[in-house]
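Worksheet: one structure, shown below.
A short reminder: the numbers here are calculations on the coordinates, not readings from a lab. Just so you know, these numbers come straight off a predicted model, no measurement behind them. Virtual Cβ from ideal backbone geometry, glycine too; neighbours counted across all protein chains shown.
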């Protein structure tokens with residue numbers, strides 16, 4: 001498949017009909033692939049088919065030639081009349097250099113993307129084959145074998161790979177036909193890196209015997225993507241129904257009637273929806289066996305990375321591993337007449353004032369309050385209830401998970417509890433038809 005400018009442009013317009021309302025950024029390393037994609041989009045701009053075009057070069061500071069490569073990229077962009085943004089990164093660790101460099105590089109790209117902007121990446125068919133084999137050797141599931149997506153969300157914008165189905169031979173031919181110059185990074189031949197090993201020791205070994213190996217892997221990836229699309233089409237309505245309360249809460253009602261495979265797929269799709277790193281398949285099976293199937297009175301938890309899954313009643317909760325509050329004597333003075341938002345300590349979230357609430361607290365009644373987390377021995381009489389009740393019992397009645405209860409802000413005025421954020425106003429507190437209420441937003445992401 002040779003590179004045709006018209007094809008590239010048509011696919012761009014099909015994928016992003018409003019492309020000219022966005023800024024298009026080229027991820028430009030200065031190598032063969034990114035030099036080719038830069039030149040393609042330069043020609044599209046020259047033909048006035050696209051307007052807002054910029055390039056981003058990330059200097060990893062890993063090679064002695066890094067500075068001259070940066071200068072070379074700046075010179076080419078200047079020649080093409082393309083604005084170049086240069087970012088410098090420094091790896092803190094010498095272990096897992098490939099993955100760490102990639103993570104930092106994408107963070108650099110992402111911070112420049114405003115809403116719906118497009119980052120163009122030069123990955124091609126050989127990159128796809130390498131990724132497929134890397135994921136195969138790691139024992140990835142179907143989603144991993146789908147390899148590199150052509151389009152994916154990247155913070156506020158999108159990453160787009162228009163050359164993903166193009167063989168590298170055609171990229172080289174295009175570069176030579178257009179007299180392009182590019183950087184040769186000799187670290188790309190260092191087989192201590194996994195991707196380089198796949199490229200030089202695996203693919204170069206099998207290609208003489210199976211010349212169409214890369215094309216065949218591309219077809220297999222296409223089959224994987226089709227199968228994944230079918231699974232997503234089936235799972236999505238189930239997931240929508242089971243996450244109605246909150247994206248981070250999954251209903252497991254009726255899970256016992258489902259196969260283990262379906263349960264695992266729903267849990268994996270839920271974690272995808274929450275955009276968190278997924279645990280390995282053993283952890284997913286552990287979630288099903290030790291959490292989903294646990295007895296009602298148990299409160300098991302599964303931990304991985306910076307996250308955990310816990311169960312309360314008939315729901316799974318995805319949580320960040322926040323440090324537990326070990327003391328309950330935190331009290332914060334809050335002048336609500338000056339600040340409508342209070343950032344809570346220990347990364348617990350924020351407390352805000354909601355105004356114009358029907359039967360909320362009369363704003364004339366309050367100027368200063370105290371925010372507390374102490375529950376032991378505390379009682380409250382919610383409006384409309386008879387008698388006071390232990391806060392612990394109220395939390396149980398409101399079905400607040402046990403691990404969340406010590407984080408719920410309790411608002412006091414003149415040493416009396418007047419409200420429990422998100423849940424009630426207390427009896428005998430003056431109200432108003434356009435009153436205020438306290439809204440608590442916990443920290444997750």
Folded to 0 to 90 degrees: helix 5-15 orientation relative to the chain principal axis, Cα: 10 degrees
Mean-position separation - Cα centroids, segment 69-141 and segment 215-272, in angstrom: 29 Å
Listed residues 159, 99, 74, most fluctuating in the chain (Gaussian network, C-alpha, under 10 Å): 99
Most fluctuating residue given options 360, 31, 384, as computed from a GNM of the chain linking Cα atoms under 10 Å: 384
Between 0 and 90°, nearest 10: helix 213-242 axis offset from the chain longest Cα axis: 20 degrees
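For segment 331-442, rounded, prolate or oblate, judged on the Cα gyration tensor with a ≥ b ≥ c (square roots of eigenvalues), a/c < 1.5 rounded, else prolate if a/b > b/c?
Cα axes put segment 331-442 in the oblate bin.
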For the chain, calculated [θ]222 nm from helices alone, where every DSSP H run of n ≥ 4 adds -39500 (n - 2.57): -10500 deg cm²/dmol
Segment 139-179 shape via C-alpha gyration tensor axes, a/c threshold 1.5: oblate
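What is the Cα radius of gyration of segment 81-151 over 2.2 N^0.38 Å, N being its residue count?
Details: Rg = 14.9 Å, N = 71, 2.2 N^0.38 = 11.1 Å.
For segment 81-151, the normalised Cα radius of gyration is 1.34.
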Which of 51, 423, 124 has the fewest Cβ neighbours within 10 Å, and the rest in rising order: 51, 423, 124
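Arranged from highest to lowest average of other beta-carbon atoms within 10 Å per residue, in what order do the peptides 111-123, 14-26 appear? It would help to have the intermediate numbers written out before the result.
Values: 111-123: 18.6, 14-26: 16.1.
The most tightly packed comes first, giving 111-123, 14-26.
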Which of 83, 333, 127 has the fewest Cβ neighbours within 10 Å, and the rest in rising order: 333, 83, 127
C-alpha long axis of helix 260-273 to longest principal axis of the chain, angle in °: 90 degrees
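Under the classification rounded if a/c is under 1.5, otherwise prolate if a/b is larger than b/c and oblate if not, where does segment 5-218 fall, given a ≥ b ≥ c as square roots of the Cα gyration tensor eigenvalues?
Numbers: a/c = 1.41, a/b = 1.25, b/c = 1.13.
It comes out rounded by the Cα gyration axes.
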Candidate values (i) 71, 50, 41; (ii) 68, 65, 40; (iii) 85, 51, 42, label of the one derived for Cα extents along the principal axes in Å: (iii)
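Would you list 398, 69 from fewest to most Cβ contacts within 10 Å?
Numbers: 398 14, 69 18.
Going from sparsest to densest Cβ surroundings: 398, 69.
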Backbone N under 20 Å from the residue 18 label point (7 Å along Cα→Cβ), restricted to segment 86-121: 112-120
